[in-house]
1. I need a count of the residues in segment 371-398 that are more than 19 Å from the chain's Cα centre (by Cα) and under 25 Å from residue 231 (Cα atoms).
2. Name the helices (runs of 4 or more DSSP H) wholly within segment 408-522 that hold at least 3 residues that are more than 20 Å from the chain's Cα centre (by Cα) and not assigned by TED's automatic domain parsing to the domain that holds residue 213?
3. Please find, among 231, 251, the residue that is more than 22 Å from residue 379 (Cβ to Cβ) and either surrounded by 15 or more Cβ atoms within 10 Å (Cβ to Cβ) or at pLDDT 95 or above (or both).
4. Does segment 103-136 hold any residues that are touching a helix residue (DSSP H, G or I) at 6+ places or on another chain (Cβ under 8 Å) and assigned to a strand (DSSP E or B), and which are they?
5. Checking residue 216 against (1) surrounded by fewer than 22 Cβ atoms within 10 Å (Cβ to Cβ); (2) part of a helix (DSSP H, G or I); (3) at pLDDT 95 or above, which test does it fail?
6. Which condition from (1) within 24 Å of residue 215 (Cβ to Cβ); (2) touching a helix residue (DSSP H, G or I) at 6+ places or on another chain (Cβ under 8 Å); (3) not in a strand (DSSP E or B) is the one that residue 251 breaks?
7. Do you know which residues across segment 161-206 are closer than 20 Å to residue 115 by Cβ and within 18 Å of the chain's Cα centre (by Cα)?
């Protein structure tokens, strides 16, 4: 990769944005013109100039300036801090200083696990040095689901102990609820409630098939991020119960040495639909020690507002979100380009968001509710920018009543179906069904329940803030499965997610159109899109005024 010339970022962004604005079609989100605009946006956002758009880097800042220029050209109001298009997100970055140490002491003696083979060291944004020594207790998946009559901690004492839990959640759970229960955040909170002093996550053969351990091991030196709370400290879930390590299937054999139940039996039970495994105190203790390099940093969300026309409804806001960041430049195998351009993830989502914004502006009719176009930072670091905005919305945004999230549409085929995560949980569902029908696209159930996609994209941070949300994924029909799985296996978070892929920009225009149709209906509806009464996520996060009467 050639050295970059020092450029005036705003000037470059505005010049490129102006070039794209020339020859604007009068038809919003339509055909060839829309496809070519998406091609142009992706061409810039996924170019080498932006160096993979990692949050907190110069490449990301260029992308943010470019996005702000696009919104300005469309005539959208700045909706960031101090009358700008930017919301500053204060963050703490954390990365491992070294490989740390994980030692198991049991009936067969003392065993030091091997970093990169048996385990990966954790990063603790709450402490520069972490040392924990305590007995080990295995809690199966570590799921506590009262509505299902399930408590994987029942009969176990984990106070002052290190909890060992399997990655994942039972297959029998509905896919979005399963995603909630498989979340490391959910699991550590349950362990913390019971007084655990540390948490070790153990891979299963199923999880390593999806995410090979050796690939994760190549990225252990990367920076993690969290946002800074008003007091200046890092926002950390369950700081008293830190993640200590992620253990491979190979390492698990050492962790479970001498256990009363063979590991193979545990894995088999976990893989059954109900996923009920034996749970017990392991006949060993562990000593974990690692150091974390910490630094304060910041990045920016980009926010633009189309104000609603209805005096009674314009204080309510429909949020269209997409993440602007990718993973930057990483160490790779010899001979590989270490630049991760992030063409589909998520230059494609950002480009289609621009098209949705254009459709609203060029429709000739303002929506009744206000519509916020939000491009967030640090999604790849754990949905950080979205969480910061959801908890700290910028002044003037109003009450957020719905979120439509555009993340990583696989635009290498002309999709004929979509998966609408979260749609059936609120009044967003009927709007999605009608929009799909108008565009001639079918709706399909989640084909990848093991991936836990519902909690892995920015919309979930709005769900946690009580906002009904939907996230669309291109579907598997008519050959889509091969294309989608091929991308996940071959180019997801790899250098080959670049513009050399066979990108179907017309599919991007179709994706933009259906998202516009959904957002338009939500913005013009007489009633705000409330959660369905009795919904799983409504019960955890919704307020009374956001739940439907029925």
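1. Narrowing segment 371-398 to residues more than 19 Å from the chain's Cα centre (by Cα): 371-372, 394-398.
Right, trim to under 25 Å from residue 231 (Cα atoms) and you get 394-398.
Here the count works out to 5.
2. Values: elements: 428-439, 459-464, 480-490.
Hits in segment 408-522: 428-439, 480-490.
3. On the way: 231 fails: either surrounded by 15 or more Cβ atoms within 10 Å (Cβ to Cβ) or at pLDDT 95 or above (or both).
So the residue among 231, 251 that is more than 22 Å from residue 379 (Cβ to Cβ) and either surrounded by 15 or more Cβ atoms within 10 Å (Cβ to Cβ) or at pLDDT 95 or above (or both) is 251.
4. Residues satisfying the conditions are 104, 111, 119, 120, 136.
5. Condition not satisfied by residue 216: (3).
6. (2)
7. Within segment 161-206, 167, 184 qualify.
Residue-wise test of (1) surrounded by fewer than 17 Cβ atoms within 10 Å (Cβ to Cβ); (2) within 27 Å of the chain's Cα centre (by Cα); (3) at negative phi; (4) in contact (Cβ under 8 Å) with a residue 12 or more places away in the chain.
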site	(1), (2), (3), (4)
88	yes, yes, yes, yes
98	yes, yes, yes, yes
112	yes, no, yes, no
117	yes, yes, yes, yes
122	no, yes, yes, yes
125	no, yes, yes, yes
140	no, yes, no, yes
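The values are calculated or read from the model by the stated rules, or taken from the named source; none is laboratory data. In this text, all values refer to a predicted model and were calculated from it rather than measured experimentally. We place every Cβ from the backbone using ideal geometry, glycine too, and count neighbours over all the protein chains shown.
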